[in-house]
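Here the structure comes first, spelled out in C-alpha cells, and everything after it is commentary.
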Amino acid sequence: MKTVLILGAGTAGTAMAHKLRRKLSSEWAVEVVDPSTKHLYQPGLLFLPFGDETEARIVRDRGSTLGKGITWHQTEVKAIDTEHRLVEIAAGGPLSYDFLIIASGTRIRPDLIEGMLGAGWRKSVFDFYTLDGAKALEAALSNFEGGRLVVNVVEMPIKCPVAPLELTFLADWYLTKRGIRDKTELVYATPLDGAFTKPLASKTLGYLLEDKGVRVETEFMTGEVDAENNVIRSYDEREVPYDLLVTIPPHTGAGFLEDSDLGDELGFVPTDPHTLAVRGHEREFCIGDATDLPSSKAGSVAHFQVDLLSENLLRAMDGKELEPTFDGHSNCFVETGHGKAMLIDFNYDTEPLPGQFPIPHIGPLPLLKEARRNHWAKLAFRWVYWNGLLPARPIPISPTMSLAGKQLTVAAEAGGA
Amino acid sequence: MTVAVQTDAEGYLANKDDWSEELANELATELGIQLGDEHWKVLNAARAIESESGSSPGLRKISKRSETPIKAIYKLFPDGPAKLIAKIAGIPKPKSCL
C-alpha cells in the first residue's frame, strides 16, 4: 500500500483528498491530518457580522465533509521529516508517505501586534477571519450607535485580499439600513498605497469609496493597538482613532511550518509557482493558503490548484516530469453592498479585466462591474461549495485563465496589463 | 540620472533586468537617501525574497530576513519604506489583487 498524505482538511486539503480518492486505485491510501472537528465555509464570515449568515449554514462536522476511502487523523502535525518521508503527529506514531501535500492554510496572528490582544480585544477590537471573531463583531455591530468604524489591514499577505474592502462596503449598507450611516465615519486603513492598487481597478473602481464616503488612510503600517485611548498607531507615529476597530491581523503559516526548514520567515512554504512542488523537493507539494505564491489566498485558487496538481501527481506517480500548468488563476466575487457585487477573474500576469463570464461575450456574469446577478451568484455559491467544490465534483470553470471575451485594450489605456 | 532606464508612472523600474547597484544608488539619491551597509542589508533581503517568491514582500518578512527591526527600517527609509524599498531594489510595487 502506498500513501498520499495531506496535511490540513480545509478547502484545499478536503477537495484534494476527494479528487485523489476518485483518481487513484485501491493500491493508494489517501490520508488527511487535521486536529479540528469542524469545517468552516469561510466566505460566510463576511456576511455573519451583519446578521446575513448563520453559524449553522457555514459550519459542518469535518467527518461529514470527508467520507469513504479517506482516512482522517484527528491530531496536530508536529514536524515533517522529508528525508525519511515521515510526519510526526501529536497523537500516535509518525505517519509515512510516498507523496505529501501541505494544505495547512494560514492563520491570523493578533499576538504579533502590540496591544491587539489587550483590554479591547473583542470588546472594541474585532477580527472577522475566525468564527468567534465574526460572531463577536455581529454582537458589537448590533449595539453600535455610530462613531468611528475603522477597518484596518495590518499587512499583506492576507486571506481573501478583497474581504476587508467588502466588509467596509457591507458596513456602509448595514449602517444605512439601520439609519446611523450619517452618524458614522467609515475609515479604511491599509499598508498599501491605496484601497485599489492595480491601474485599471484604481481608475474604474475608485468611485465606490467616494460614493460610499469611505475615508482611506494609505501606507499605514500598524505597530500598536492602544486600547486605552482607542487608537491604532503606525510605525511612523500616525494615529487613527476608532470607536469600533475591525482588524485584519498579520497572517502566518501553520506553527509546525514556522518552526521547520520548510516554512519561510512567516511560515509559508516556498512553492514552485507552476508545478506546486515544494521548491527543492520532489515528493512534497503545497496548495491553498499555505504557499508563498503571489496568487490570492482564496478558495477558487485552491480549487484550480487541486485540479491541476492532481494531474501532476499522477504524472509523478508514473515517474514522468511535472508540467508547469498552474497560472495563478483566481476568480472571486466582490460584494459592493446594496445587493450588488462584482466578479473578478485574473492570474499571475493579467490583472482583473472587464468582460463577461463564464461564457465569453455572453456571460451571464459581468466582470469588474457591479451587478445584482453577481450578488445572487455569490450567495448561491455556498451551495456550490458544499456540494461541488469541496467534494471535488466537476465545476464547469477552467482551472487556467482565459482571455476570451476580456477587454484588453481597456487595461492598456489604464497603464496596466 | 546617468543610467538611462525606463520607469512606470509611479517611478518603479519597468524592466527588472535594468537594475544594478549603481542604479540603486542613483535612485536612492534622487529619493533623498544615501545608501549604507544597513540599507543594503534591507534591499538585498527584499530582492532575494522577490526573486524566490515572485512578489514584493511586506515589511515584516523583510525585517526578519534582514534581521533589521521594522522601526529601524522606518529610520533607514523614512516616508513609506515599503514603496521606497521596492523602487530602489528594482522590484514591483507591493500590490493586492485589485
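Things to note:
- FRET efficiency for the pair A:Glu311 and A:Lys183, taken as 1/(1 + (r/R0)^6) with r the Cβ-Cβ distance and R0 = 60 Å, rounds to 0.65.
- For region A:330-414, size of Cβ-based charge dipole, Lys and Arg +1, Asp and Glu -1, in debye: 420 debye
- Dipole of region A:330-414, positive direction: furthest Cα of A:Ile395, A:Phe346, A:Thr409, with charges on the beta-carbon: A:Ile395
- Degrees, to the nearest 10: A:199-211 long Cα axis against longest axis of chain A: 40 degrees
- For trypsin sites (Lys or Arg not before Pro), the sites in region A:33-113 that DSSP calls loop and that have at most 11 other Cβ atoms within 10 Å are A:Lys68.
- Positive dipole terminus of chain A, leading residue within A:Pro43, A:Tyr97, A:Phe196 (C-beta point charges): A:Pro43
- Taking a ≥ b ≥ c as the square roots of the eigenvalues of the Cα gyration tensor, chain A is classed as prolate, since a/c reaches at least 1.5 and a/b is larger than b/c.
- The calculated FRET efficiency for the pair A:Ile395 and B:Ala72, based on their C-beta separation and a Förster distance of 60 Å, comes to about 0.80.
- Peptide B:90-96 has a mean of 6 when you count, residue by residue, the C-beta atoms of other protein chains within 10 Å of its C-beta.
- Cα gyration tensor shape for region A:265-403, rounded if a/c is under 1.5, else prolate or oblate: prolate
- Size of charge dipole - chain B - debye, nearest 20, with Cβ of Lys, Arg +1 and Asp, Glu -1, no other charges: 620 debye
- Taking the Cα centre of region A:110-251 as reference, the dipole from Cβ charges on Lys and Arg (+1) and Asp and Glu (-1) amounts to some 600 debye.
- Dipole of chain B, positive end: most advanced residue of B:Ile88, B:Ala28, B:Ser56 [Cβ charges, Cα centre]: B:Ser56
- 0 to 90° range, to nearest 10: angle between helix A:11-23 axis and chain A longest Cα axis: 30 degrees
- Reachable lysines from B:Lys71, criterion Cα separation under 27 angstrom, eight or more residues apart if same chain: A:Lys159, B:Lys41, B:Lys61, B:Lys83, B:Lys87, B:Lys93, B:Lys95
- Neighbour-limited loop hits for GluC sites (Glu not before Pro), region A:122-200 (at most 13 other Cβ within 10 Å; DSSP other than H, G, I, E, B): A:Glu145
- Shape class of region A:330-414 from the alpha-carbon gyration tensor: oblate, with a/c at 1.5 or above and b/c at least as large as a/b.
- Among the GluC sites (Glu not before Pro) in region A:240-284, those located in a DSSP loop and surrounded by at most 12 other Cβ atoms within 10 Å of their own Cβ are A:Glu282.
- Rounded Å value of the spacing that divides the Cα centres of region A:6-70 and region B:1-67: 41 Å
- Per-pair calculated FRET efficiency, R0 = 25 Å: A:Asp111 and A:Arg57 via Cβ, rounded to 0.05: 0.25
- Interchain or long-range residues, amide H under 5 Å from B:Ser96's placed H: A:Thr197
- Under 13 Å, Cβ to Cβ, from A:Ile113 - net charge with Lys/Arg +1 and Asp/Glu -1: -3
- Local electrostatic count, A:Phe256, Cβ distance below 11 Å [Lys/Arg +1, Asp/Glu -1]: -3
Only the coordinates and a few stated rules stand behind these numbers; no lab work does. Worth saying up front: this structure is predicted, and the values here are computed from it rather than measured. With ideal geometry, Cβ positions are generated from the backbone for all residues, glycine too; neighbour counts draw on all protein chains shown.
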